[in-house]
Amino acid sequence: MTLNDIRNKSGLVILVIGVAMLGFLLTDLFSSGTQIFQKNQSTLLTVGGEDVSIIEFTNELEEMMATGRIDPSQRNTRRDLLFDQKKEDLLFANALKQSGVHVGVDEIWDLISGEYTGNQSEKFRIFFSPYNPETNEQEVYSPELIEDWINLNKDIVNNPNWRVYERYKNDELRGRQISKYSNLIKKALYATKYDAQIYFKNKNQLTSGKYVYIPVAKELSSISISEKEIKQYYKNNKLTFSNSPYREINYFTFNIKPSDQDKNDKNDEMLALISDKNVFNARTNLKEIEFGFENTDNIENFISDYGDNKYEIISMSQVDFQDFKNKKNIENNIIQPYFEKNICKMGRIINTSIDSVDVVYLEMNIYPSEATLNTLYGDVYKIINSNKKIDDINKFSDDYSIRPREVKLEKMDESIPGLGLNREIVKWAFDTETNLYVPKFFELEDKYIIVVLSNILEDETKPIEMVYDDIKLILENRKKGNLLVDKIGNLKYNTLEELANHFDVEVKRVNGLSMNSDIFGDEGYHPDVVGAFFGSLNAKISDPIIANEGVFLINKEKENPINYPTSFNREQQEINNRYNLQVDRLLFDALQGDEEIVDNRFNFY
């Protein structure tokens, strides 16, 4: 294979990219042109004062799509991944600058060519090693040949191959920089032998005992919670009530379906196909017979010409046919037209034997007529015109005998429960021009809908009205828990059994409990009680422990002996691996917390 083959190997065509970019811009930009251009917006993303423009982003996305390596159906997925990558790039840029992390020229060249270590990156191994159909093998290019390709392509104006190469190079550089940066952080996290010993103990120390759990429901006292207490709890625990901006909508569906008249018309159309017709042949100047469904000798072609189904012979037993015959009208071996959902069917018996009957069907789909569409369209608009505001959803539902569906939407949602993909409605719900309770008409593929914006929530914290009842329940349970603790303190008991009998609850056992467990006995998620159990004294009933919905009393009976190993190297490695996983998982989130991020995707798609 020649150097010229390599130059043209990726098969990218500038015209394809240009057309794809133009199509995208016209579709995605001008479709939302009012919102974008009137507000003079062109920035898709801002991170720490650094911007990514929609044009720059679109160019890169379309160029990636034009390589042919990405299925067009995955365009939106690829778009979202690219957006996340851009955000990550900007977040890491400042961190990398401050850290002094550097990737040298030779290091990058090794990733491109594999000249020094043989560790050529996967992207460039594929890029420079295309499949050769003549040899049925992958071509392998030496560093020298790759260098020649670079020298040939770098000065070609608007060279799509070079742009792909540059993107891959930047991706590899970025990946290596981030890898070095995260590795520096990982090196700073180190598990000592003492850490490893505690880790070993928590993993291997098992303990057993028994406990009593008294639900707060056992406390029947009337609990009064003041407004001041609720407001104070809300103020002190706002982080617990974090919120993502959302909209609530109610929509009413009017299904577009054929009317009775549409069905009657289709039935008449099918009946007209049964009998033969006399037709005039202008070419021969003679009358001829055009055979109908009953007499045609080429029934397969007849079904192909008139039906919405394919020719297929259906066999049924004589027993089944007799039952079928009792339910359908059959004349001259023709099963007269009948309806199944939105399909009109008629059949022709083509063969009968002692055991079975063979039938072929002609089927026609029934669609709403223009008159039906116009009538329904008019009815829906009449409803909207008669209800300039729908602030009482239940009354509106009762008045028109249609059930609403309530849906909560976030800004970047692409689908709506019950309706499927529909960015148009999502964007309408978040548009600043959209008013509460004012109905909006939308025409979908098989239905008309009336949508009402019923709630707007922009705050980062849920309003107190939304969490009022939850806070009240928490405070009630807490007070009831304290009352239970007071009652327990006034009781005389020597065993958990005596206490359990007083409150009519069970004494339960917990066996083989590990410190690493978050589940306590039969009561579910209670890591605090697990810790208290391990920290309690053997053979001694603990003080009451207040949980969210009840009170625990525990009695640890024994702990199994631990045989410590001579070395904790394995445990140290396990802890270090956990540290590394935490860095990989949390580093990006940590960087986001330090920067102001403005996401304008909603304005563009």
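The values are calculated or read from the model by the stated rules, or taken from the named source; none is laboratory data. Values in this document were obtained by computation on a predicted structure and should not be read as measured data. With ideal geometry, Cβ positions are generated from the backbone for all residues, glycine too; neighbour counts draw on all protein chains shown.
List of remarks:
- For the range 322-329, the condition of being in contact (Cβ under 8 Å) with a residue 12 or more places away in the chain and either over 14 Å from Met270 (Cβ atoms) or small (Gly, Ala, Ser) (or both) holds for none of the residues.
- Close pairs from the range 283-310: first free of Cβ contacts under 8 Å to residues at least 60 places away in the same chain and charged (D, E, K, R), partner surrounded by 12 or more Cβ atoms within 10 Å (Cβ to Cβ) and assigned to a helix (DSSP H, G or I), Cβ under 7 Å, at least 6 apart: Glu294/Ile274
- Asp528 vs. criteria surrounded by fewer than 13 Cβ atoms within 10 Å (Cβ to Cβ) and of a type in the set (D, E, K, R): no
- Test for Glu410: is it modelled with pLDDT under 95, surrounded by fewer than 16 Cβ atoms within 10 Å (Cβ to Cβ) and within 15 Å of the chain's Cα centre (by Cα): yes
- Some residue of the range 566-579 being within 33 Å of the chain's Cα centre (by Cα), among the small types (Gly, Ala, Ser) and surrounded by fewer than 12 Cβ atoms within 10 Å (Cβ to Cβ): no
- All conditions but one from (1) crowded, with 17+ Cβ neighbours inside 10 Å; (2) of a type in the set (A, V, I, L, M); (3) over 30 Å from Asp543 (Cβ atoms) apply to Ile214; the one that does not is (3).
- In the range 120-223, counting only helices (runs of 4 or more DSSP H) that sit wholly within it, the ones holding 3 or more residues that are of a type in the set (Lys, Arg) and out of contact with any helix residue (DSSP H, G or I) (no Cβ under 6 Å at 6 or more places or on another chain) span 160-188, 193-204.
- Scan of the range 564-593 for residues that are free of Cβ contacts under 8 Å to residues at least 12 places away in the same chain, under 26 Å from Thr46 (Cβ atoms) and not small (Gly, Ala, Ser), ordered by number: Arg585, Leu586, Asp589
- Within the range 448-468, the set of residues being assigned to a helix (DSSP H, G or I) and not aliphatic (A, V, I, L, M) comprises Glu465, Tyr468.
- Answer residue from the range 229-256, given it is touching a helix residue (DSSP H, G or I) at 6+ places or on another chain (Cβ under 8 Å) and charged (D, E, K, R) and is farthest from Glu445 (Cα to Cα) among those: Glu229
- Scan of the range 376-395 for residues that are assigned to a helix (DSSP H, G or I) and touching a residue at least 60 places away in the same chain (Cβ under 8 Å), ordered by number: Leu376, Tyr377, Asp379, Val380, Tyr381, Ile383, Ile384, Ile393
- Residues in the range 365-394 that are within 17 Å of Ile450 (Cβ to Cβ) and surrounded by 11 or more Cβ atoms within 10 Å (Cβ to Cβ): 15 in all.
- Residue that is surrounded by the fewest Cβ atoms within 10 Å (Cβ to Cβ), among those in the range 250-269 that are touching a Lys or Arg at 6+ places or on another chain (Cβ under 8 Å) and outside any loop (DSSP other than H, G, I, E, B): Asn255
- If you check Lys472, Lys487, Lys492, Lys479 for being part of a helix (DSSP H, G or I) and over 49 Å from the mean Cα position of the chain (by Cα), only one passes: Lys487.
- For the range 422-446, a residue qualifies if it is part of a strand (DSSP E or B) and either surrounded by fewer than 15 Cβ atoms within 10 Å (Cβ to Cβ) or among the β-branched types (Val, Ile, Thr) (or both), and the qualifying residues are Phe441, Glu443.
- Checking each residue in the range 482-516 for being crowded, with 17+ Cβ neighbours inside 10 Å and among the small types (Gly, Ala, Ser) picks out only Ala500.
- Enumeration of residues in the range 313-348 that are surrounded by 12 or more Cβ atoms within 10 Å (Cβ to Cβ) and assigned to a loop (DSSP other than H, G, I, E, B): Lys328, Asn333, Asn342
- Positions within the range 276-312 being hydroxyl-bearing (Ser, Thr, Tyr) and loosely packed, with under 14 Cβ neighbours inside 10 Å, in sequence order: Thr284, Ser304
- The set of residues from the range 154-170 being surrounded by 15 or more Cβ atoms within 10 Å (Cβ to Cβ) and touching a residue at least 24 places away in the same chain (Cβ under 8 Å) comprises Pro160, Asn161, Arg163, Val164, Tyr165, Arg167, Tyr168, Lys169.
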